[in-house]
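Q: My questions will all concern the structure given below.
Taken together, the values in this text are just the output of simple stated rules run on the coordinates, not laboratory data. Model, not experiment: these values are computed from the prediction. Note: ideal-geometry Cβ built from the backbone for every residue, glycine included; neighbour counts use all protein chains shown.
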Amino acid sequence: MVMHFRAAVNTILNRYVLDLPSRRSGSFRYLVQNSAVSTKVVAQMQAFTPEYMLVSTSNMSIEVLHTSSENLYGESMEFILHTTVLTGSCRVSAQSSSLALTSLLDVGLNYCNLNNLLTASGLNLAAGFTEMTSEWACLGYGFAACIT
């Protein structure tokens, strides 16, 4: 029953909603402090220059612009860093939003932008790493074929 519903939704999206701006969200948890996560994300983003450009950074957030190597796509990315109460570790709320009209079925482009920064920086291997997202929070997550 769930597959029939999902197939129907995908059919509707394919026919009627192909050119809307898309926004993808994810949440990540670590057993390390915010500063360690921030330092790694910023360093990796700078290593990926010119595709990734740092817009702003603070103790609690990182804003990045991403353009594809072909300059066909542009996305605004934001990482919000929270300190957890119990352990003092880092929880990251991350979002990537397309700057232009794009397909809602873009094979996880926005999710991959976030994922590529995290995996290339090694944060996916950091102590206590947990990724919390779903197809509902991040359309295309289930189909994403990210290359780091």
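Q: Against the globular-protein guess of 2.2 N^0.38 Å, express the Cα radius of gyration of region 23-143 as a ratio, rounded to two decimals. Numbers along the way, then the final one.
A: Numbers: Rg = 13.7 Å, N = 121, 2.2 N^0.38 = 13.6 Å.
Ratio of Cα Rg to 2.2 N^0.38 Å: 1.01.
Q: Just add up the charged neighbours of residue 37: K/R +1, D/E -1, any other residue whose Cβ is under 11 Å from the Cβ of residue 37.
A: Neighbourhood net charge equals +3.
Q: Counting Lys and Arg as +1 and Asp and Glu as -1, what is the net charge of the other residues whose Cβ lies under 10 Å from the Cβ of residue 132? Before the final figure, lay out each step's value.
A: On the way: positive: 29, 91; negative: 131.
For residues surrounding residue 132, the net value is +1.
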